[in-house]
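Worksheet: one structure, shown below.
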Amino acid sequence: VVAQVPEAQREEWKRRAATYAATLVEDGMKVGLGSGSTSRLFLQALADRVRAGLRCVGVPTSEATARIAESLGMAITTLEEEPDLDLAIDGADEVDPALNLIKGGGGALLREKIVASAARRFVVIVDHSKLVPSLGTNWAVPVEVVPFGWTRTSAALIALGAQTTRRERDGTAYLTDGGHCILDCRFGAIAEPAMLAVKIKALTGVVDHGLFVHLASMVVVGTESAVEILRR
Ligand code: A5P
């Protein structure tokens, strides 16, 4: 499905969701700032509001997002300074009908999950092509693992039913902002994300994974003509 939608059209759908999400930020809020291309559009829309007088402070979910936010003139801080956020807004790779997610296509899943968990409301912004009947339809589950003994951790994930691929960049292991590897794990369609999430998290060597279960309070979906709001 994803491949059939021209990129320019998806970009427009993403922009629609991102622009709507920027209107959810109220004066004085502490906001988690997501990572990825949809979040970048959100940052641009939010920066427009900040230039118009809105006061807010953001906690970035990646070094890349921190750089973008700063370049747009936005105030940023850390979870150490502001451990309780009013709102977090981020993209996703897949969204199922129960609003469970796969995240981490951009490799920022660990900080994204910590920031989403620190927020009173976690709002997800996606284009329509990200909606799937079950997680795992189009995407592998990214699993963040410590580099030490990663082949052992990979074997444990294979024993859970995954086909694993270590993510690479320029011919060498891709490393996250936290200095960990990512193993992209294909499980096929995932019948019970909550159960799989617990099993993956229990493996020694796993730091965290891209299954976001029962975390999103709302999903804003950009479509051809409008935004659709999905609530849990
Ligand atoms: C980053 O690690 C991811 O979780 C992104 O939020 C996700 O991959 C969605 O990215 P896009 O908005 O670029 O599709």
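When we measure straight from the Cα of LYS14, which lysines land under 30 angstrom away, once same-chain ones fewer than 8 places off are left out?
Filter leaves LYS30, LYS103, LYS113, LYS130.
Sorted by average packing, counted as other Cβ atoms within 10 angstrom per residue and highest first, what order do 17-29, 152-164, 68-80 take? Show your work: numbers first, answer last.
Numbers: 17-29: 18.5, 152-164: 16.3, 68-80: 13.9.
Ranked by mean Cβ neighbours within 10 Å, highest first: 17-29, 152-164, 68-80.
Among 4-10, 141-147, 217-223, 184-190, how do they line up by average Cβ neighbours within 10 Å per residue, starting with the highest?
141-147, 217-223, 184-190, 4-10
I'm a student and want to see the number: the projected area of the Cα convex hull of the range 12-54, averaged over all directions, in nm².
2.8 nm²
For Cα pairs less than 8 Å apart in space and 6+ apart in sequence, what is the mean separation divided by the residue count of the range 31-94, i.e. the relative contact order in percent?
Values: 84 pairs, mean separation 31.6, N = 64.
Worked out over the range 31-94, it gives 49 percent.
Indicate the gyration tensor shape class of the range 154-222 (rounded, prolate or oblate), computed on the Cα atoms with a ≥ b ≥ c the square roots of the eigenvalues: a/c under 1.5 is rounded; otherwise a/b larger than b/c is prolate and the rest oblate.
Here the range 154-222 falls in the oblate category.
Just to be sure I understand the rule: take each whole DSSP H helix in the chain, project its Cα atoms onto its long axis, keep it if the span is 20 Å or more and its mean Kyte-Doolittle hydropathy is at least -1.0. Which ones pass?
Membrane-span-like by this criterion, though nothing is claimed about a membrane: 37-51.
How high is the relative contact order of the chain, given as a whole-number percent (alpha carbon pairs under 8 Å, six or more residues apart)? Provide the component values of the computation, followed by the final result.
Numbers: 507 pairs, mean separation 53.2, N = 232.
In percent, rounded to a whole number, it is 23.
Averaging sequence separations of C-alpha pairs under 8 Å and six or more residues apart, then dividing by the length of the range 60-181, give the relative contact order as a whole percent.
Here the relative contact order equals 25 percent.
Can you pull a Stokes-Einstein diffusion coefficient for the chain at 4 °C (1.567 mPa s), Rh from Kirkwood over Cα pairs, as a whole number of µm²/s?
Result for D is 73 µm²/s.
Would you compute, from DSSP H runs of 4+ residues alone, the mean residue ellipticity of the chain at 222 nm, taking -39500 (n - 2.57) per run and dividing by the full residue count, rounded to the nearest 500?
Details: 6 runs with 68 residues, N = 232.
Estimated from H runs of four or more residues: -9000 deg cm²/dmol.
Every number in this text was worked out from the coordinates using simple rules, so none of it is lab data. Just so we're clear, the structure is a prediction, and the values are computed from it rather than from any experiment. Note: ideal-geometry Cβ built from the backbone for every residue, glycine included; neighbour counts use all protein chains shown.
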